[in-house]
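What follows is a short report on a single structure.
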Amino acid sequence: MTTKEDRTRPLLVLENISKAYTGVVALCNVSMTILAGEVLALIGENGAGKSTLMKILGGVVQPNSGHIIIDNVRYDGFSVTESQSAGIAFVHQELNVFDNLDVAANMFLGREIRAGFLGLMDVKAMHAAAKPLLRRVGATFEADTPVAALSLAECQLLEIAKALSIKARIIIMDEPTSSLTLSETKTLMSVVASLKAEGIAVIYISHRLSEIEECADRVFALRDGRAAGELGTSDIHHDAMIRMMIGRDLNSLYAPPARPVGEAILSLRGVRTRAKPRALVEFDLHSGEILGVAGLVGAGRTELAEAIFGIDAILEGKVMLAGRPLRAASPRAAIEAGVYLVPEDRKRAGLVLETAICENVCLADLYAVSRHGVVSQSLMKARAEDQRVKLDIRTNDVMRKTAELSGGNQQKVVLGKWLSMRPRLIIFDEPTRGIDVASKVEIYKLMRALADAGVGVMMISSDMEEVIGVSDRVVVLREGEIAGSLSRSELSEHNVLKLAVGAN
Amino acid sequence: MQKKDFGLAVLIIVVGAVVYLRNPLFLSPINLGNTANLIGLFGLFAIGQGFVIMTGGIDLSVGSMIALLGVLFVDMVGKYGVPWPAAILVVILVGTLLGLAHGLLITKLRMQPFVVTLCGLLIYRGAARGYTGEATAGFPFGANYPALEWLTIGRSFGVPHSFYAMIIVGTVCWFVLHRSVFGRHLQAVGKNEDAARYSGIRTGFVITAAYVICAVLTAVAAVYFAMFTRSVQPSSHGNFYELYAIAAAVLGGFSLRGGEGSIIGVVLGAVLLQELQNLVNLLGIPSSLNFAVMGAVILTGVLADQQFNRYRAKRRAMIALGVLNRKEAAPRQEQAAEIICPD
């Protein structure tokens, strides 16, 4: 089945694709070619049009003009069925797995192998068919493993295996590593390499430029819905990519602290959380420093943040905020004490997407924009407008729906909600996940400014570059416990990882 | 007034005009008065239902609650001689407790609203029938309660007081839902409960409050209904009324997923439903087709609204692209200011 495809023949050609949504232009005359057996990295800031381009390839969205050529067949409108029969498969950022089914059932969903005159599912045949595919992607789980038992990284391997099962020739990976740990990322990289060796083209979308340097043969950049340039294998460098994405150079990503570290803002002593009742947590966060919290997925970082913020319960131990006990039994209590959380999943927990930007900015502090319990639209707008200017939220009107903003700007709305109040400690949980480079830099600057102003800044991140670049000190969690603390001079990928996995 | 409400108002006027042309009795003072009375009665608890649907929940128990509270009220006043203001207070108090029970079961014990209130529907109906032993509860022959009757079934300037009651309740609720901090919290909880909780909103309290509001308004409606019918037949009184309330809310632009809807919308929804009932009577359509007409109109209305929105979104996209093509020749900087690309 693995026909040796001609490595120079274009598998897929996009010509002059344009697409506009309600009042908004997402793509404008974009042309792109994909060759067999190449890894094409697609980069661009959020809002550059990557997602729209991918939706068009998937047949989910129809372009307003332009066409797609596959195997010398020209398509003006490209449907989901046409996309699938052309061999285009997706591995999504948000995984589309059904965790009430097992691995094989997920793999053959909608294409179940049937047997007998009743046409019932042939579970055995499906398991048998799934096995070799799982081996090809280096999976260590079995065809009959329930998906609920798989980790995020394993689910991704399942999706790749599923793509192989439909004989995909082009696999599109959208931010595949955003939730993976370092070692899982390495596994994925080797899977990508083996797909390439089989002649499968991979479109790799990521904001993590070091990964792209590692795996891509060619880089294609989008900016404001237009093609912003291409890089061949030998030209793929950090700076070149950033220049294409934002159209200028970025001087420095990370700013050093402006003042010496002061007294402790947050202290945890003998803390046990309901999520990890057996682990004991103790650490201090000082004013003037950015404290990074690293660890593998599942090490209990988010759980710890949520316990401090009052979402989850703290079973025992003391949490002190600037020397006073903090008893946050609910997020409301935490917020009243000035402890804010920028949650990991901004679409679920950070924002009410289907409502106006100004509503989101004021949501946590509505009494401040109301008179005698009656919300004042003008006060609300003024407050949001203030944050829009301060944080450079890219929109012309704070009355617009938050869902219309790009990821980076949505995250700024979450930040605006907290910055318009009186922060004493802000916990950033994966603050730059799925966010473009330019917004990332702005968020780093903001964290630094907050720390310099004496606000406690705690940053949970799985992005090793970010942890090492941004933090002044890092505590590493392992199975819910503090495995160690690293000062700025001790910070390196190797040291963080050593503590995270517990190896000697 | 939102665009949606305006569309509904236009529909009400159009339907009214058609009915009037076919049967001029539609605009006779008697018919208008009677219809206004029904609008008031049904509007009262439909508004309450709106609060619950706003949270993404549903209250199926209101019809049975109207029967149970109606039986209690009639018995208290007619049989036991409880002064009617006290009886109203008791009925509202019982309603509050029932709403509180619904809210707490849903928020504290994490039960599904459909299940909780479906059980309420069964329990309250059963309780009403059991309490009366299937007998109709009524006031003693010749009994008079002038003040109570004035308040409930009386009329001022030809308009029934139930209609005034609905207007007053509607105005207060409009302020609560659309202007107060609580209303914002309610809408946020309905749209995204997690994000609301992470923003420090006491989501459990807000949701429970919605069920209490619904039950209290239902209790008030129960008194009006009891006085309107003068006697309460426990097995049939208020049957299917929950569906009228849900239908009014849906017609009024509420989404059963929560977070969307307006008080004006639900009131207009209640108006349209009664207008349709009236249409069936006045146009000589067999009254057995009553529900079928209502169902067909709701289905068409919701469908038309959805299709219209899709059409508008499509048109806006085309316009945006047109703008782009025209600006193509213009300097790039200008464009950057014009075009906002989504993710």
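The values are calculated or read from the model by the stated rules, or taken from the named source; none is laboratory data. In this text, all values refer to a predicted model and were calculated from it rather than measured experimentally. Ideal geometry is used to build each Cβ from the backbone, glycine not excepted, and the neighbour counts take in all protein chains shown. SASA here: full protein model, heavy atoms, side chains in, ligands and nucleic acids out. Shrake-Rupley method; radii C 1.70, N 1.55, O 1.52, S 1.80 Å.
Couple of notes before you dig in:
- Longest segment of chain B lacking trypsin sites (Lys or Arg not before Pro) that sit in a DSSP loop with at most 12 other Cβ atoms within 10 Å: B:111-256
- Shape of segment A:179-277, Cα gyration tensor, a/c cut at 1.5: oblate
- Residues losing 30 Å² or more accessible surface upon assembly, segment A:297-321, compared with the chain by itself, 1.4 Å: A:Ile311
- Rounded, prolate or oblate (a/c below 1.5 giving rounded, otherwise prolate when a/b exceeds b/c) for segment A:137-177 by Cα gyration tensor: oblate
- For A:Arg218, the amide hydrogen comes within under 5 Å of the amide hydrogens of A:Val39, A:Ala41, counting only partners 5 or more places away or on other chains and with H modelled in the peptide plane.
- Percent RCO, i.e. relative contact order, over chain B, from Cα pairs under 8 Å lying at least 6 residues apart: 32
- Once the 1.4 Å probe is applied to the protein heavy atoms, chain B comes out at 46 Å² accessible per residue.
- Measuring heavy-atom accessible area with a 1.4 angstrom probe and counting protein chains only, the residues of segment A:49-67 that give up at least 20 Å² relative to the chain alone are A:Ser51, A:Asn64.
- When the Cα positions of A:Ser420, A:Leu391, A:Gln410 are compared along the charge dipole of segment A:377-423, A:Ser420 comes out farthest toward the positive end, with charges on each C-beta of Lys, Arg, Asp and Glu.
- Contact surface A-B: accessible area buried, both sides summed, square angstrom, 1.4 angstrom probe: 3700
- Against the rule of thumb 2.2 N^0.38 Å, how large the Cα Rg of the protein assembly as shown comes out: 1.10
- One chain, two ends: B:Thr96 and B:Thr300. Fully extended at 0.36 nm per residue, the span grows by 69.9 nm beyond their Cα-Cα distance.
- C-alpha long axis of helix A:377-391 to longest principal axis of chain A, angle in °: 70
- Solvent-accessible surface of chain A, averaged per residue with a 1.4 angstrom probe and all protein chains in place: 41 square angstrom.
- Taking the protein heavy atoms of the protein assembly as shown in the context of the full set of protein chains, the accessible area attributed to carbon and sulfur is 58 percent at 1.4 Å.
- Across segment A:156-242, the mean sequence separation of Cα contacts (distance under 8 Å, 6 or more residues apart), normalised by length, yields a relative contact order of 24 percent.
- Length-normalised contact order for segment A:10-131 - Cα pairs under 8 Å, 6+ apart - percent: 20
- Between A:Ala104, A:Gln156, A:Ile236, the Cα set farthest toward the positive side of the dipole of segment A:96-243 (charges on each charged residue's Cβ, about the Cα centre) is that of A:Ala104.
- Cβ-based charge dipole, the protein assembly as shown, positive-most Cα from A:Ser287, A:Ile113, A:Ala349: A:Ala349
- Degrees separating the helix B:263-282 axis from the principal Cα axis of chain B, which is the longest one: 60
- Residues of type lysines that A:Lys498 reaches as a straight line, Cα spacing below 17 Å, ignoring anything fewer than 8 places off in the same chain: A:Lys186
- Rounded to the nearest 20 debye, the dipole size of segment A:331-483 about its Cα centre is 520 debye, using +1 on the Cβ of Lys and Arg and -1 on the Cβ of Asp and Glu.
- Estimated FRET transfer efficiency when R0 is 25 angstrom, pair A:Asn16-A:Val80 (beta carbons, to 0.05): 0.70
- Acute angle (nearest 10 degrees) that the helix B:62-74 long axis makes with the longest principal axis of chain B, alpha-carbon atoms: 30
- Tensor-based shape of segment B:261-305 (alpha-carbon gyration tensor, a/c under 1.5 rounded, otherwise prolate or oblate): oblate
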